[in-house]
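What follows is a set of notes on a single structure, which appears directly below.
Read the figures in this text as sums done on the coordinates, not as results from a lab. Given the structure is predicted, the values throughout are model-derived calculations rather than measurements. Reconstructed Cβ throughout: ideal geometry from the backbone, glycine too, with neighbour counts over all protein chains shown.
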């Protein structure tokens, strides 16, 4: 029903104490920011050369970036070897002792959880009223994908977006909200996270002698689509750009706004992913064909397992019982078997896994239809037809 994904991780122990001493340079606007930059570089160096092999792991860059946001707990101690203030920056050279055991543990967990993760950039074509709107949004969409590519992150390609956007509208109808549309589109494309682009505004000032100044702002929102959790709304804002070519100016204005929005969104996402190292990855469980009382018994059984955590909220949601707010510390593919065993133990028979979408698992009693599984099949067929 689903395949176990083997991720090769190279673990090397440097000494009996599981420590690595590294010397790095840190650069920042002031002394403190330079030190923090140096500590992040120390962790990255230990990760890249002593713990995990870049060539052997999917999403290595994402894993590295997540871990670099969590220097506390990895850096056992450090000393400043040299520090130099400059007019526009501060530089330090420091020697840090990095604890390899927690670094190894987090790298292994993240490699398991993030190995196949993809991002999707989304905009709602139904909201575009003019040809100029279409041009601006498509340009912003392409620039955000380019930003993700430069960061080394995996993302859904343009052709998949084009093939599935009409399918999402068919499933939802024309009056659905932009976020619901984005969530459905990301689901069909197997993207666990999406960045939704909306409300592009370009301010323009005439500067004389045929010169124009432009500045763009773009509203964006990041989502964990497996748990339907919004990570935050950010506004990307670029600098004023000057020129005489209006089309080129609009592109440059959008370039600046998208870069700013990309930085802010990725910062939100990295912080969110970093929390998985402490608590386990968040999941949403859906059960079709079981009663609410049965769901409560199953919830109690699940929470008795130390590998599960979180609040585990249970609600009845449009034809199925949904359990959200749950975390799981083991591999994603281990979760279904664990859930099915617990269901059997509380008297829920003939339950089977119908769909595993990232960290969203849908189960159903034999003979009960699962709408999202059927939607997935139709989406695959839509891709094959084109």
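Each peptide in 320-331, 86-97 receives the mean, over its residues, of other Cβ atoms within 10 Å, and ordering these scores from highest gives 320-331, 86-97.
Taking the alpha carbon gyration tensor of the range 119-274, multiplying each eigenvalue by 5 and rooting it gives semi-axes of 28, 18, 13 Å, largest first. Just so you know, the Cα atoms of the range 19-114 work out to an Rg and Dmax of 13.8, 44 Å.
Spread over its residues, the convex hull of the C-alpha atoms of the range 116-199 is 86 Å³ per residue.
For the chain, adding -39500 (n - 2.57) for each run of n ≥ 4 DSSP H residues and dividing by the number of residues yields -13500 deg cm²/dmol at 222 nm. With coordinates expressed along the principal axes, the C-alpha atoms belonging to the chain extend over 74, 65, 33 Å, beginning with the largest. Peptides 297-309, 139-151, 183-195 ranked from most to least packed give 183-195, 139-151, 297-309, packing being the mean of other C-beta atoms within 10 angstrom over each peptide's residues. Shape index of the range 304-386: Rg/Rh, with Rg the Cα radius of gyration and Rh the Kirkwood radius from the inverse mean 1/r over Cα pairs, equals 1.00. Per-residue Cβ neighbour counts within 10 Å put 346, 43, 24, 66 in the sequence 346, 24, 66, 43, beginning with the fewest. Entry note: the range 246-365 has Rg to Rh equal to 1.20, where both radii use alpha-carbon atoms and Rh is the Kirkwood radius. Per the Kirkwood formula applied to alpha carbons, the range 184-265 shows a radius of gyration over Rh ratio, Rg over Rh, of 1.14.
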